[in-house]
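Engineer: Take a look at this one; I'll ask things after.
The values are calculated or read from the model by the stated rules, or taken from the named source; none is laboratory data. If you're wondering where the values come from, they're calculated on a predicted model, not measured in any experiment. When we count neighbours, we look across all protein chains shown, and the Cβ atoms used for this are built from the backbone with ideal geometry, even at glycine. In case anyone asks, the SASA skips ligands and DNA or RNA and just uses the protein heavy atoms, side chains included. Shrake-Rupley method; radii C 1.70, N 1.55, O 1.52, S 1.80 Å.
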Amino acid sequence: MTAELVRGQNHPLSQSRLEIRISAGTPVVAVAALGDENGRIHGVEWVAHPGAPTQPGLEVPRQAAADHRLAVDLDAVTEAVHRVSVLLALPAPGSGPGPARFGAVAAPFVAVTGLDGSEIASYTITGLETESAVVALELYRRQGAWKVRAVGQGYAGGLADLLTDQGLPEAVQLAGAINEAVARGLARSVQAPPPRPADGDRSRQPAAPAVGPDQGGTAPQGAPGPVPPSYGVPGQTGPQPAYGGTGAADPSATTGGPIDYSHPGRRNSAPPPPPPTAPPAQPGQPAQPVAGDATGWSMEERLYNQVWGMFEDLARTAAAYRSAVDFAESRMDKELEQALSDPRSRIGGQGDAVREAARARHAQLVDQAREVLDRDLAQLAAEADVVEPALPPAFARWDNPAWHAYRVPMEIPMALRLGDLRLPEADRIRIPMLLRLPLERGLWIDSGRADSVDGSFTDSHDMRRLAMETAVAHAARLLAVYPAGEFTVHVIDPAGSGEQPLAPLTRAGVLAAPPARGAAGVTEVLGRLTQRVDLVQMALRGGAPDALPPGFDTSQHLLIVNDFPHGFDDRAVNQLRYLADEGPSVGVHLMMVADREESAGYGPLLDPLWRSLLRLTPVPDDHLADPWVGHAWTYEPPLVPPGSQVLHQVLTQVAAARRAWDR
């Protein structure tokens, strides 16, 4: 039976190999610290944290996450260790969006379990307010036995104050190293997909058709409200139907707002088309997937929600499989350890029989888990096969036939495809990586040398070329999905090294001006965009958006910076940081093409800029992490197929529409 602890209460532990499961509702940092009989931490090597996730008897996750599993082996800790403290902290300010104190989020929940998942003790950490770090619980040794105690001691000063109180001499330095490791993880993390339907059923039950205002109904259950964000972009309110209702207007029902005098039977907006329905499934067989059968007011929103439903399904399916395999391995180890603890059974036929039986049970459990995984992956693969061809151009790959029927749009789409995501358990299934529009987070495309996931090595020259080609593909997509005259691209190429990759943009004439060269070009472009941000901010803060100069360009702007930091001085770097911080709110966005290591010379000056951008690579790389399940997703950039003319055809139409708009 699980012991539900309150602050200060303890409970004996009958097992030495444990899991500590944490659920916080928001990404938190999990740290485990070893202490002596007085609770003192003797050095940084006594702390397991995201920068050094393993210590003797301890293993913690490598990133901030809403859910954690910490592995503890009390038999493996040294004799000098008498206490194992589990510490939780919110990511430091500047590491990304998120709460600054535990009082602003739901109370964290911590459970100590056995390897089979059975709970031994649990503790809900209540009463936190301004604290940003907390000692959740501690495992301590008492008269040769181990116990767990609920602590719940919080610190408003964060990890530095907590570690200092634990007696660690290098507390401030270690806290900085932990925050740096967490910031690196958040810079390459994806944000949560939209929530699943309330019933949790992913068998694609058809949504109820919306009832229009002329039909005398009300909004259907599940009508879209605020759409959750993706990849660090704040959510936006989805399109809402203007329901007029039926019957006479009742002034008492309009408290807090004006009375609606519109005719109750007049059509104010067209109801959405009914969602597609799947054909009846054969008995005992899953329903056939249908593109666009998720909830949403429009087909675009349904497809968007369906894509991220697939993302969530794949994440959970892979997590369940990995957990089952881990359990099978730990069970086999435990059975072998127990059976062979007797010296008489270590040799001879009896020992061989025990080992064979344990391995057979391990293989059986793994086969069962693989069977479930294969079943789920088959359903997901079938869904991907029908969803991918149905995606609109903004969501589609460059090789999708939707681009052959491309026309310059009249409205901005919900999102933009930045590439594909996949997991090693399902190498065939590619989940579109969708970024909400308008942009609220810039991009950093890493041009440094790297080893791709297939083991191939790419040298620095090829990486720079591939990085710039990736940037051009992203910029072309942005130009293609915005209406004419509503998106403008600027390029800074100080040394001219990106001339060849930039050729599709320059030849088509879709850039605002030729790429800026040299230090003078860098200064001119940055000064012009900085002035634009200042003007718009002053107008908005003064409540006079109409006071902008006549003919002021109100389109969204994207600045592509190649070969950074060549041609940049300290003033230019500060302007770049200003654009990254303040630009997105007034429609000025940043796309950096740079080598992180080469840029490190600016040190602390550049770190906030790098952390604020979503880091991508021009080659397939499993660096993108989700902080909910903890998977490392392999990201594949959306490069144009070799020999394809789709980019030229699309940019030609964009340029023609731009010229017609300017006339």
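Engineer: Considering segment 148-184 alone, what residues qualify as being in contact (Cβ under 8 Å) with a residue 40 or more places away in the chain and touching a Phe, Trp or Tyr at 6+ places or on another chain (Cβ under 6 Å)?
Structural biologist: Once the filter is applied, which keeps residues that are in contact (Cβ under 8 Å) with a residue 40 or more places away in the chain and touching a Phe, Trp or Tyr at 6+ places or on another chain (Cβ under 6 Å), segment 148-184 yields Ala150, Leu162.
Engineer: Return yes when Thr124 is in contact (Cβ under 8 Å) with a residue 12 or more places away in the chain, closer than 20 Å to Arg21 by Cβ, open to solvent by 40 Å² or more (accessible area, probe 1.4 Å) and out of contact with any Asp or Glu (no Cβ under 6 Å at 6 or more places or on another chain) and no when it is not. Give the derivation first.
Structural biologist: On the way: in contact (Cβ under 8 Å) with a residue 12 or more places away in the chain: yes; closer than 20 Å to Arg21 by Cβ: yes; open to solvent by 40 Å² or more (accessible area, probe 1.4 Å): yes; out of contact with any Asp or Glu (no Cβ under 6 Å at 6 or more places or on another chain): yes.
Yes.
Engineer: Something else: Looking only at residues that are under 28 Å from Tyr321 (Cα atoms) and among the charged types (D, E, K, R) in segment 615-663, which one is modelled with the highest pLDDT?
Structural biologist: Filtering first and then ranking leaves Glu636.
Residues are listed down the side, and each one gets a yes or a no for (1) open to solvent by less than 50 Å² (accessible area, probe 1.4 Å); (2) touching a Ser or Thr at 6+ places or on another chain (Cβ under 7 Å):
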position	(1), (2)
Arg69	no, no
Asp75	no, yes
His82	no, no
Val86	yes, no
Gly98	no, yes
Gly103	yes, yes
Ala106	no, no
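Engineer: Output yes when any residue across segment 103-116 is out of contact with any Phe, Trp or Tyr (no Cβ under 9 Å at 6 or more places or on another chain), assigned to a strand (DSSP E or B), closer than 12 Å to Ile20 by Cα and aliphatic (A, V, I, L, M), and no when none is.
Structural biologist: No, segment 103-116 has no match at all.
Engineer: Here's something else I'd like to know. Is it the case, given these coordinates, that Leu365 is surrounded by 14 or more Cβ atoms within 10 Å (Cβ to Cβ) and modelled with pLDDT of 80 or more? Spell out how you get there, then give the answer.
Structural biologist: Details: surrounded by 14 or more Cβ atoms within 10 Å (Cβ to Cβ): yes; modelled with pLDDT of 80 or more: yes.
Against the criterion (surrounded by 14 or more Cβ atoms within 10 Å (Cβ to Cβ) and modelled with pLDDT of 80 or more), Leu365 qualifies.
Engineer: Taking segment 538-573, which residues are assigned to a helix (DSSP H, G or I) and open to solvent by less than 20 Å² (accessible area, probe 1.4 Å)? Step through it out loud before you land on a result.
Structural biologist: So the first thing to find is which residues in segment 538-573 are assigned to a helix (DSSP H, G or I), and the list is 538-541, 545-547, 570-573.
Across segment 538-573, the qualifying residues are Ala539, Ala572, Val573.
Engineer: Still on this structure, please answer the following. Quick check on segment 462-499: of everything there that is hydroxyl-bearing (Ser, Thr, Tyr) and open to solvent by less than 30 Å² (accessible area, probe 1.4 Å), which residue is nearest to Ala657 (Cα to Cα)? Spell out the reasoning first.
Structural biologist: Filtering segment 462-499 down to residues hydroxyl-bearing (Ser, Thr, Tyr) leaves 470, 482, 488, 497.
Keeping just the survivors that are open to solvent by less than 30 Å² (accessible area, probe 1.4 Å) gives 470, 482, 488.
Details: Thr470: 24, Tyr482: 11, Thr488: 13 Å.
Among residues in segment 462-499 that are hydroxyl-bearing (Ser, Thr, Tyr) and open to solvent by less than 30 Å² (accessible area, probe 1.4 Å), the one nearest to Ala657 (Cα to Cα) is Tyr482.
The rows are residues; the columns are (1) within 25 Å of the chain's Cα centre (by Cα); (2) over 30 Å from Val510 (Cβ atoms).
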residue	(1), (2)
Glu335	no, yes
Glu371	no, yes
Leu377	yes, yes
Trp398	yes, no
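Engineer: Here's a check for you: in segment 132-179, which residue that is within 31 Å of the chain's Cα centre (by Cα) and open to solvent by 60 Å² or more (accessible area, probe 1.4 Å) is nearest to Ile20 (Cα to Cα)?
Structural biologist: Going through the qualifying residues, I end up with Gln153.
Engineer: Let me ask something else. Do you know which residues across segment 40-54 are farther than 18 Å from Val112 by Cα and surrounded by 21 or more Cβ atoms within 10 Å (Cβ to Cβ)? Let's see the steps before the verdict.
Structural biologist: Filtering segment 40-54 for residues farther than 18 Å from Val112 by Cα gives 40-47, 49-54.
The answer is Ile41, Trp46, Val47, His49, Pro50.
Engineer: Spot the failing condition for Ala360; the list is (1) surrounded by 12 or more Cβ atoms within 10 Å (Cβ to Cβ); (2) out of contact with any Phe, Trp or Tyr (no Cβ under 7 Å at 6 or more places or on another chain); (3) closer than 30 Å to Gln15 by Cβ; (4) not aromatic (Phe, Trp, Tyr), and only one is missed.
Structural biologist: The single condition Ala360 does not satisfy is (1).
Engineer: Something else now. Restricting the search to segment 4-24, which residues are of a type outside the set (D, E, K, R), assigned to a strand (DSSP E or B), open to solvent by 20 Å² or more (accessible area, probe 1.4 Å) and over 21 Å from Gly158 (Cα atoms)? Full working, then the answer.
Structural biologist: As a first pass, look at segment 4-24 and keep what is of a type outside the set (D, E, K, R): 5-6, 8-16, 18, 20, 22-24.
Now narrow it down to the ones that are assigned to a strand (DSSP E or B): 5, 10-12, 18, 20, 22-24.
With the extra rule that they be open to solvent by 20 Å² or more (accessible area, probe 1.4 Å), the set shrinks to 10-12, 23.
Hits for segment 4-24 are Asn10, His11, Pro12.
Engineer: In segment 388-427, which residues are open to solvent by 70 Å² or more (accessible area, probe 1.4 Å) and either part of a loop (DSSP other than H, G, I, E, B) or touching a residue at least 60 places away in the same chain (Cβ under 8 Å) (or both)?
Structural biologist: Taking segment 388-427 first, the residues open to solvent by 70 Å² or more (accessible area, probe 1.4 Å) are 389, 397, 399, 401, 404-405, 407, 410-412, 424, 427.
Within segment 388-427, Pro389, Arg397, Asp399, His404, Arg407, Met410, Glu411, Ile412, Pro424 meet the criteria.
Engineer: Within segment 574-582, is even one residue surrounded by 18 or more Cβ atoms within 10 Å (Cβ to Cβ), in a strand (DSSP E or B) and in contact with a helix residue (DSSP H, G or I) (Cβ under 6 Å, 6 or more places away or on another chain)?
Structural biologist: There is no residue in segment 574-582 that is surrounded by 18 or more Cβ atoms within 10 Å (Cβ to Cβ), in a strand (DSSP E or B) and in contact with a helix residue (DSSP H, G or I) (Cβ under 6 Å, 6 or more places away or on another chain).
Engineer: Turning to a different aspect of this structure: Can you go through Ala291, Ala287, Ala320 and tell me which one is modelled with pLDDT of 85 or more, surrounded by 17 or more Cβ atoms within 10 Å (Cβ to Cβ) and not basic (Lys, Arg)?
Structural biologist: On the way: Ala287 fails: modelled with pLDDT of 85 or more; Ala320 fails: surrounded by 17 or more Cβ atoms within 10 Å (Cβ to Cβ).
Selected residue: Ala291, the only one of Ala291, Ala287, Ala320 that is modelled with pLDDT of 85 or more, surrounded by 17 or more Cβ atoms within 10 Å (Cβ to Cβ) and not basic (Lys, Arg).
Engineer: Which residues, taken from segment 30-88, are polar (S, T, N, Q) and over 20 Å from Glu19 (Cβ atoms)? Before the answer, list the steps.
Structural biologist: First, pick out the residues of segment 30-88 that are polar (S, T, N, Q): 38, 54-55, 63, 78, 85.
Across segment 30-88, the qualifying residues are Asn38, Thr78.
Engineer: If you go through segment 25-39 one residue at a time, do you hit one that is open to solvent by 70 Å² or more (accessible area, probe 1.4 Å), charged (D, E, K, R), in a loop (DSSP other than H, G, I, E, B) and under 25 Å from Arg101 (Cβ atoms)? Outline the logic, then answer.
Structural biologist: Residues of segment 25-39 that are open to solvent by 70 Å² or more (accessible area, probe 1.4 Å), as a first pass: 25, 37-38.
Subsequent filtering for residues that are charged (D, E, K, R) retains 37.
Adding the requirement that they be in a loop (DSSP other than H, G, I, E, B) leaves 37.
Next, only the ones that are under 25 Å from Arg101 (Cβ atoms) stay: none.
Looking through segment 25-39, none of the residues is open to solvent by 70 Å² or more (accessible area, probe 1.4 Å), charged (D, E, K, R), in a loop (DSSP other than H, G, I, E, B) and under 25 Å from Arg101 (Cβ atoms).
Engineer: Select from segment 486-509 the residues that are part of a loop (DSSP other than H, G, I, E, B) and under 31 Å from the mean Cα position of the chain (by Cα) and list them in ascending order. So that I can check it myself, show each step before the final result.
Structural biologist: Residues of segment 486-509 that are part of a loop (DSSP other than H, G, I, E, B), as a first pass: 486, 493-502, 509.
Scanning segment 486-509 gives Glu486, Asp493, Gly498, Pro501, Leu502.
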